[in-house]
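Here's the structure we're looking at; comments come further down.
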Amino acid sequence: MFSLASAQDRHLIVFDLEWNQSSYAPNHRMPHEIIEIGACRVDRDYRVVDTFSAVIRPRLYKKLDKHIKSVTGITEAELEQGRPFSDVFGEFIAWCGEDVRLCTWGRDDFPVLKRNAAFFMTPMPFEPPVDAQLVFAHACLHSAHQQMNLHNALDAMEIVVDVPAHRAVYDAQCTAALLSRIDEAVRALEPVQREQLERALLRERRIAASSLRSVPTRHVYQSEALQDEKLMNVACPACGRRTAFDTPWFDSGRERYLALAYCPQHGMAYCQMHFKRLPAGTLVMHQRAYAADPEQIQEVREKYRLYQLTPPKKRHHRLNMEDALKKAAQHT
């Protein structure tokens, strides 16, 4: 049975990140730059036995976003006293030790940590964490779709943690304070509910292990971008090699594109893509790919089948890569 504190793991590490960004001049390889790592080590009774906290001196976004400054209370002077990401992350890895299970509140922190590690060419030794927010939703709220923020969850469980809010180490401690109650609720689940939770956690692990790609383009229109075969390529999220399309990119609704890509070694990848317009008028492409489960494969294929059955005049400008490439070939 799933438990937050697995007997196979020597340590349970609850971690939290604070990061900065730029709305005006983002670096699309790393849109969010970590400025603080906070964590606490938890024993098998979910008691905090040690903490880690370090501020990181930013390289890209040295001016703090107003919202980040307001929420966290971090100052630019404090960031100046911080240390480089690679130094802090290396120290964090050593502090965690081996045979660890990571835990965080929500799905956002781990992909940001992966991107920062890749940008700074720092080894990433960790497996995707347990999402305590997701477990809380299933076990305590009995709803997979009802996500509650950390401090509302503490209020709902009538737990008071006497620490300031919105610094990384304090939010990690607040998450840790919920774990024993969450684990009690998990143990009380019916077998069918427990099976649903374990399926959801498995999918979240695949999502957390996604390959993420953000590329500024020279294209103004999405139809042009879809004709750019190099841009549309999908790398296998497991090995990074080029894949072949099982189902080509198509607009599944509201300009959210789906595709299935096949790697001979690692099987099918579930692919998502959307575009955003830059101030200059060109598009930046955001792409995510991760290992697909059978339900997702069936879902994407069925959505594409229904898309193809819809007459072009009734698709309400929804585009697909296959038609875009045919149109490009006709004009050459």
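Here are the numbers for the structure shown:
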quantity	calculated
Residues being crowded, with 17+ Cβ neighbours inside 10 Å and either touching a Pro at 6+ places or on another chain (Cβ under 7 Å) or farther than 21 Å from Trp105 by Cα (or both) - total across segment 177-198	0
Selected residue (criterion: surrounded by the most Cβ atoms within 10 Å (Cβ to Cβ)) from residues of segment 89-101 that are of a type outside the set (Phe, Trp, Tyr) and modelled with pLDDT of 95 or more	Cys96
Selected residue (criterion: surrounded by the fewest Cβ atoms within 10 Å (Cβ to Cβ)) from residues of segment 35-46 that are at pLDDT below 95 and charged (D, E, K, R)	Asp45
Test: residue in segment 206-222 that is assigned to a helix (DSSP H, G or I), among the charged types (D, E, K, R), crowded, with 17+ Cβ neighbours inside 10 Å and at negative phi	yes
Selection from segment 66-83 of residues that are surrounded by fewer than 17 Cβ atoms within 10 Å (Cβ to Cβ) and either outside the structural domain of Val42 (by TED's automatic domain parsing) or under 23 Å from Ala118 (Cα atoms) (or both)	Glu80, Arg83
Criterion violated by Ser252 - all others in (1) surrounded by fewer than 22 Cβ atoms within 10 Å (Cβ to Cβ); (2) under 20 Å from His219 (Cα atoms) satisfied	(2)
Residue under evaluation Ala280, criteria (1) of a type in the set (Gly, Ala, Ser); (2) assigned to a helix (DSSP H, G or I); (3) without any contact (Cβ under 8 Å) to a residue 12 or more places away in the chain, criterion not met	(2)
Qualifying positions in segment 309-322 - under 15 Å from Ser252 (Cβ atoms) and either surrounded by 11 or more Cβ atoms within 10 Å (Cβ to Cβ) or modelled with pLDDT under 95 (or both)	Thr310, Arg315, His316, His317, Arg318, Leu319, Asn320, Met321, Glu322
Meets criteria (under 26 Å from Leu201 (Cβ atoms), out of contact with any helix residue (DSSP H, G or I) (no Cβ under 8 Å at 6 or more places or on another chain) and acidic (Asp, Glu)) for Glu322	no
Which numbered condition Ser70 fails, given (1) farther than 21 Å from Ser22 by Cβ; (2) out of contact with any strand residue (DSSP E or B) (no Cβ under 7 Å at 6 or more places or on another chain)	(1)
Some residue of segment 235-253 being assigned to a helix (DSSP H, G or I) and without any contact (Cβ under 8 Å) to a residue 24 or more places away in the chain	no
Criterion (surrounded by fewer than 19 Cβ atoms within 10 Å (Cβ to Cβ), hydroxyl-bearing (Ser, Thr, Tyr) and not assigned by TED's automatic domain parsing to the domain that holds Asp171) met by exactly one of Ser53, Ser86, Ser3	Ser3
Yes/no for Gly106 being surrounded by fewer than 17 Cβ atoms within 10 Å (Cβ to Cβ), within 19 Å of the chain's Cα centre (by Cα), assigned by TED's automatic domain parsing to the domain that holds Tyr46 and not polar (S, T, N, Q)	yes
Filter result for the condition that a residue is modelled with pLDDT under 95, under 20 Å from the mean Cα position of the chain (by Cα) and either farther than 17 Å from His28 by Cα or not assigned by TED's automatic domain parsing to the domain that holds Ala25 (or both), over Ala289, Ala238	Ala238
Flag if Arg256 is within 20 Å of Ala324 (Cβ to Cβ), basic (Lys, Arg) and modelled with pLDDT of 95 or more	yes
Restricting segment 276-285 to residues that are in contact with a His (Cβ under 8 Å, 6 or more places away or on another chain) and surrounded by fewer than 17 Cβ atoms within 10 Å (Cβ to Cβ), the residue that is farthest from Tyr262 (Cα to Cα)	Thr282
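Condition check ((1) modelled with pLDDT of 90 or more; (2) buried (at least 16 other Cβ atoms within 10 Å of the Cβ)) across all residues:
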| position | (1), (2) |
| --- | --- |
| Ala7 | no, no |
| Asp16 | yes, yes |
| Glu33 | yes, yes |
| Val49 | yes, no |
| Pro58 | yes, yes |
| Leu64 | yes, yes |
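The values are calculated or read from the model by the stated rules, or taken from the named source; none is laboratory data. Predicted model only: the values in this text are computed from it and were never measured. Using ideal geometry, Cβ is built from the backbone for each residue, glycine included, and neighbour counts are taken over all protein chains shown.
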